Amino acid sequence: MSYLIISTIVVLVAVMATLNGIGLRRQGKRDEGTAWILAAAFGIVVVIGGWGAFRSFHSVNAGHVLVVRQFGEIIGQRPAGFQTIAPWQSAEEVSTQVESQRFLMDDRTPPEAGVIPSGPAVSEETQPVYAVVTLNYRVSETAIQELYTEVGPAFFDKVVAPRVFQVFKNETVKFKSINVAPNREQIRTEVQESLDRQLQGFSIDVVDFLINDLKFPEEFTQAIERKQVATQDALAAAQKVEQSKAEAQQEIERARGQAQAQRLRASSLTDRNLQFEALQILKEAPPQIVFLPAGQGNLLDPSTFLRSAATTP
């Protein structure tokens, strides 16, 4: 539109300059008249020709399409490569590659550049859940014209970003605060599938959804840490009790074994067994002595006694 307006003005000015130049030439001012005519021609060539050529030729990068407008209305799109349009038409190059956008759900600190902010999500008990998430998405190459016609170039801010916040917060509110982090992967999967369903109508594909960070209020985090410490201490105490019980049981069993061994030993201390044990000892290390039993007048040879005793059961 601007090209037609400016071109029309330039043509009118050029016509007037040409008529003025012709008039000057008729008055005998040939050089001055010729300068006016040449200036008019130069203006037409530069504005209509040069600027028109600049507006007509486009090199579209790979992974992009060219959206063509005429008088504000989208009349088509062109694929990647060298493309030409009419000088009075306008064009906008739109990416169809996978794009990535980060979102911050935390009102405690200002967001970084390029991050879309929002308030925190909440858990089932309305406990704040602070999160940083990333959406990877792609617009269908065949739907750019329709998307720009129905929604406009600001389609991301209009239909994508609000849904990311809404769907994520709808998922975290299903869990108690203590269960949000353990169910992180389930939340991520549910959000991605829900976003993909909702954005299909706009020909926007959700390639991936990532949960970069999850945080909770400092008081809640400290309470969880205290509970974990208490639980660990309780487990350690229980283990000590079980260990003490096991050691006591071992002592009982050891005492039982000793008592049983003593009973067996006591039951085996008969006269014949004692005599046999004594004979065994004498047999292994026979004393080289001669002794006289009390009340007898005979001398006994211990080795002879042992040989005779060895046959005795």
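The values are calculated or read from the model by the stated rules, or taken from the named source; none is laboratory data. As the structure is a prediction and not an experimental result, all values here were calculated from the model. Positions of Cβ are backbone-derived with ideal geometry, glycine not excepted, and every protein chain shown enters the neighbour counts.
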Residue within the range 29-38 that is part of a strand (DSSP E or B), among the hydrophobic types (A, V, I, L, M, F, W, C) and in contact with a Ser or Thr (Cβ under 9 Å, 6 or more places away or on another chain) present: no
Some residue of the range 123-144 being without any contact (Cβ under 8 Å) to a residue 12 or more places away in the chain and either basic (Lys, Arg) or touching a Lys or Arg at 6+ places or on another chain (Cβ under 9 Å) (or both): no
Lys174 out of contact with any Phe, Trp or Tyr (no Cβ under 7 Å at 6 or more places or on another chain), touching a residue at least 12 places away in the same chain (Cβ under 8 Å) and crowded, with 17+ Cβ neighbours inside 10 Å: no
Residue ID - nearest to Trp51 (Cα to Cα), chosen from residues in the range 95-115 that are in contact with a Phe, Trp or Tyr (Cβ under 8 Å, 6 or more places away or on another chain) and surrounded by 18 or more Cβ atoms within 10 Å (Cβ to Cβ): Phe103
Residue match in the range 202-210 (condition: of a type in the set (S, T, N, Q), assigned by TED's automatic domain parsing to the domain that holds Val115 and at pLDDT 75 or above): yes
Evaluation of Leu269 against (1) at pLDDT below 65; (2) part of a helix (DSSP H, G or I); (3) of a type outside the set (D, E, K, R) (one fails), failing number: (2)
Filter result for the condition that a residue is at pLDDT 75 or above, of a type in the set (S, T, N, Q), assigned to a helix (DSSP H, G or I) and surrounded by 10 or more Cβ atoms within 10 Å (Cβ to Cβ), over Gln232, Gln228, Gln250, Gln222: Gln250
Residue that is nearest to Tyr137 (Cα to Cα), among those in the range 77-94 that are under 40 Å from the mean Cα position of the chain (by Cα) and surrounded by 13 or more Cβ atoms within 10 Å (Cβ to Cβ): Val94
